[in-house]
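Inspection log for the structure reproduced underneath, given as structure tokens.
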Amino acid sequence: MSYDRYVAICDPLHYITRMSRKHCVWLITASYTVGFVEPVSSVISLSKLYCASHLVDHFFCDVTPLLKLSCSSTFIVELFIYIVGTFLTFSSFLLPLISYIFIISAILKIQSLKGQQKAFSTCASHLTCVIILYVTAICLYVRPTTSYSLKRDKYFSLLYIILGPLLNPLIYILKNREFQSSFNKERQRFLCSFHLGNASQ
């Protein structure tokens with residue numbers, strides 16, 4: 001999405017060629033490949049640690065609660081997961097960050113204030129979702145294991161898996177012109193009925 005916004009704002013005349021079907025398939029394939037390989041490596045390294053309880057004290061089967069079930073030393077696995085998680089989180093954050101640096105510099109070069117506002121509004125919803133996702137992911141996964149608390153992390157991970165997907169449609173629907181116009185009509189209707197009710201009293 002950040003690359004799409006970058007091309008739409010910084011190179012709009014080449015949008016069709018830069019966002020061709022072949023290019024989109026390559027981006028999606030790369031995302032799914034990384035999204036599949038990283039958990040598999042974690043599962044393989046975790047699978048050799050268990051000996052006793054199989055009751056995971058969490059809302060879903062996450063890495064940290066699984067490590068707590070181990071009877072043997074988990075230092076090497078924790079270090080591996082921390083390094084891989086940090087690398088993947090920051091490397092996947094790098095593309096949106098670079099894209100938005102170019103986007104913001106291109107927007108600031110637009111002469112008219114209305115043009116700047118329109119360009120910013122194009123990116124605002126996606127940027128909000130990206131910030132929510134990465135702030136919660138970094139707070140949950142990119143920190144020393146000594147600061148883990150299963151009870152606190154359980155609720156924080158609930159925010160991570162629910163807050164983003166819950167707010168995502170809401171953020172994008174607020175940008176929809178049809179929604180905005182019907183919302184404004186309903187608001188006007190409510191205000192009129194409210195004022196008429198107060199006037200009659």
Could you tell me how many of the residues in the stretch 157-173 are modelled with pLDDT under 75 and surrounded by 14 or more Cβ atoms within 10 Å (Cβ to Cβ)? 6
Find the residue count for the stretch 69-91, including only residues that are part of a loop (DSSP other than H, G, I, E, B), touching a residue at least 24 places away in the same chain (Cβ under 8 Å) and either touching a Phe, Trp or Tyr at 6+ places or on another chain (Cβ under 9 Å) or among the small types (Gly, Ala, Ser) (or both). 0
May I ask you to list the residues in the stretch 60-88 that are within 30 Å of Thr122 (Cα to Cα) and surrounded by fewer than 17 Cβ atoms within 10 Å (Cβ to Cβ)? Thr86, Phe87
All positions within the stretch 1-16 that are outside any helix (DSSP H, G or I) and under 14 Å from Phe102 (Cβ atoms): Asp11
State which residue pairs qualify: first residue within 16 Å of Tyr134 (Cβ to Cβ) and inside the stretch 148-167, second residue among the aliphatic types (A, V, I, L, M) and assigned to a helix (DSSP H, G or I) in any location, beta carbons under 8 Å apart, and separation of 6 or more residues or different chains. Phe156/Leu140; Ser157/Leu140; Tyr160/Ala137; Tyr160/Leu140; Leu163/Ile132; Gly164/Ile132; Gly164/Leu133; Leu167/Ile132
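The values are calculated or read from the model by the stated rules, or taken from the named source; none is laboratory data. Fair warning: this is a prediction, and the values are worked out from it, not measured in the lab. So basically every Cβ, Gly included, is an ideal-geometry build from the backbone, and we count neighbours across all protein chains shown.
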